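Visitor: Mind looking over this structure? Questions follow.
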Amino acid sequence: MEGCRADSLPLDDLLAGARPVVLKGLVKHWGLVQAGLRSDEEAMTYLRSFYNGKTVGTTFGDVGIGGRMFYNADFTQLNAVHRRARLDEVLSAIREHMTDEQPPTYYIASTPIDACLPGFRRENDVAFAPQGVQPLASIWIGNRTIASCHYDAPYNLACCAVGTRRITMFPPEQIFNLYPGPLDPTPGGQAISVVDFGNPDFERYPRFRAALEAAEVAELEPGDALFIPSMWWHHVQALSPFNVLVNYWWSVTPAFIPTPMNALYHALWALRDRPEREKQAWRAVFEYYVFGPAEQAGAHLPEAARGLLGPMDDTKARQIRAMLLNLLNR
C-alpha cells in the first residue's frame, strides 16, 4: 500500500498515479481530530456544537448483524432499516452502547456537511479550491460498522477524523472476482460484494481468492487520509466504538456528462440478452465509438460533418438527452 506524508493535497500526482495512496497526517490539525484524540465524548460535543437540528439519514441495525449492513438470506431485503433521525440523538445512542461487546448498529452515511453542520468546514476542511476543484464534502458517523465492498464513480478522498478504519481496495477489473450483489436494493446505492470478508466462503465464492491477491489494505489512524481512485472497489471497516470519517467526492469530467450508470441500465435492457453474435458485433461498435480513442470515429470526416462524433459539449449533451427522452417515451 503506497503512502506518504503530506502537508497539502498533491492532487495532480494522485490523479496521475491512479492508485490508492495513504496521506499520513493530512488532516491531523482539524479541530474534530484533536477533540477525538482527547476523548470520544469531546468529539461528540464538538460535533454537537455545529449541529443545526436537521434530521439526517441513518441506518439502524440490531445486534445480530454485527455492524455489517447487508441482506437477508435470499437477498430480497436489507438487514437494517433506514430512516431520518436527529444527529444528536444518534450520538447519544452510540455513547449509550459504546461498552457493549456487540452493540446495535448506528450509521449516518454520506451526509452533506454544510446541510447539517454549518461552520464545521471552517475548522475541518481540505484545500481543494486552489486546485480548481469543488468536491462534495460528506460526513460518516457510526460505531463499529462495515460498509461492504463497493465502487464509486467519483474520485474519493477519505479523511479519518475519529477512530480507526481498515479499508481494503481492489482495482476495477476485480469485479469478476468480487461477486457483486443485486443492483436493487442496495445498502448504500451501489452494488456490493456479497462475500463476507470476515469469514469468506471460498467454496461458494472461489474466485475471491484471486481478488485477495490483488487487494491493497490501508489502516487509517485519526488524521490520516486515503485517496481512492474512481471505480476502485473498497471495503470499509470502522474498528473503534465511535468513528467519524469526512470524505470528498469529485469528478474530472464536465457536469454535462451524466453518470455511466444510466448507460449500464440501458445496456442491460438493450444488449445483454441479444444473441451472442449480435452482442459481439455491438462490442465492436462500442469499441469503435466509445471505448477507443475519443477522436477515432470522426477523424476521417470534415470537422463540420462530425456532429455528435466531435468533442462533447453542453450543446451536444442537450441534443443527446432530448433525443433519448423522445425515443424512450415512444
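Visitor: Return the residues of the stretch 212-229 that are in contact (Cβ under 8 Å) with a residue 60 or more places away in the chain and small (Gly, Ala, Ser); say none if nothing qualifies.
Guide: Ala218, Gly223, Ala225
Visitor: Here is a list of conditions, (1) over 17 Å from the mean Cα position of the chain (by Cα); (2) among the hydrophobic types (A, V, I, L, M, F, W, C); (3) in a helix (DSSP H, G or I), and Ala294 meets all of them except one; can you say which number that is?
Guide: (3)
Visitor: Continuing with this model, one more query. Give the stretch 274-283 a look and list any residue that's assigned to a helix (DSSP H, G or I) and either exposed (fewer than 10 other Cβ atoms within 10 Å of the Cβ) or in contact with a helix residue (DSSP H, G or I) (Cβ under 7 Å, 6 or more places away or on another chain) (or both), or say none.
Guide: Glu276, Arg277
Visitor: Step by step: first the residues of the stretch 298-316, then only those that are charged (D, E, K, R) and either in a helix (DSSP H, G or I) or touching a residue at least 12 places away in the same chain (Cβ under 8 Å) (or both), then the one that is surrounded by the most Cβ atoms within 10 Å (Cβ to Cβ). Which residue is that? Show your work before the answer.
Guide: Filtering the stretch 298-316 down to residues charged (D, E, K, R) leaves 303, 306, 313-314, 316.
When the remaining residues are screened for being either in a helix (DSSP H, G or I) or touching a residue at least 12 places away in the same chain (Cβ under 8 Å) (or both), the result is 303, 313-314, 316.
Working: Glu303: 7, Asp313: 12, Asp314: 11, Lys316: 15.
Here the residue is Lys316.
Visitor: Pull up the stretch 194-209, narrow it to residues that are in contact with a helix residue (DSSP H, G or I) (Cβ under 8 Å, 6 or more places away or on another chain) and surrounded by 13 or more Cβ atoms within 10 Å (Cβ to Cβ), then point me to the one that is farthest from Ala16 (Cα to Cα).
Guide: Residue satisfying both the conditions and the ranking: Pro200.
Visitor: Might you let me know whether the stretch 81-94 holds any residue that is surrounded by 12 or more Cβ atoms within 10 Å (Cβ to Cβ), in contact (Cβ under 8 Å) with a residue 60 or more places away in the chain, more than 20 Å from the chain's Cα centre (by Cα) and in the same structural domain as Asn243 (by TED's automatic domain parsing)?
Guide: So far as the stretch 81-94 goes, yes, one or more of its residues are surrounded by 12 or more Cβ atoms within 10 Å (Cβ to Cβ), in contact (Cβ under 8 Å) with a residue 60 or more places away in the chain, more than 20 Å from the chain's Cα centre (by Cα) and in the same structural domain as Asn243 (by TED's automatic domain parsing).
Visitor: So which residues in the stretch 244-259 are more than 15 Å from the chain's Cα centre (by Cα) and either part of a strand (DSSP E or B) or under 30 Å from Leu220 (Cβ atoms) (or both)?
Guide: Residues satisfying the conditions are Val244, Val252, Thr253.
Visitor: Can you pull out every residue in the stretch 111-148 that is closer than 23 Å to Thr253 by Cβ, aliphatic (A, V, I, L, M) and touching a residue at least 12 places away in the same chain (Cβ under 8 Å)?
Guide: Residues satisfying the conditions are Val126, Ala127, Val133, Leu136, Ala137.
Visitor: Can you report the number of residues in the stretch 146-177 which are within 15 Å of the chain's Cα centre (by Cα), in a loop (DSSP other than H, G, I, E, B) and hydroxyl-bearing (Ser, Thr, Tyr)?
Guide: Count: 1.
Visitor: Test Thr111 against the stated conditions and say whether it is assigned to a strand (DSSP E or B), more than 27 Å from Glu216 (Cα to Cα), in contact with a strand residue (DSSP E or B) (Cβ under 6 Å, 6 or more places away or on another chain) and not aliphatic (A, V, I, L, M).
Guide: In short, no.
Visitor: Kindly state which strands (runs of 3 or more DSSP E) lie completely within the stretch 178-243 and contain at least 2 residues that are out of contact with any Asp or Glu (no Cβ under 6 Å at 6 or more places or on another chain), at pLDDT 95 or above and under 13 Å from Thr164 (Cβ atoms).
Guide: Correct list: 216-220, 233-238.
Visitor: State whether the residues of the stretch 22-30 include one that is more than 18 Å from Ile113 (Cβ to Cβ) and assigned to a loop (DSSP other than H, G, I, E, B).
Guide: At the first step, the residues of the stretch 22-30 found to be more than 18 Å from Ile113 (Cβ to Cβ) are 22-25, 28.
Filter again for assigned to a loop (DSSP other than H, G, I, E, B), leaving 25, 28.
Yes.
The values are calculated or read from the model by the stated rules, or taken from the named source; none is laboratory data. Treat the numbers as computed from the prediction; the structure is a model and nothing was measured. No Cβ is skipped: glycine too gets one built from the backbone with ideal geometry, and neighbour counts run over all protein chains shown.
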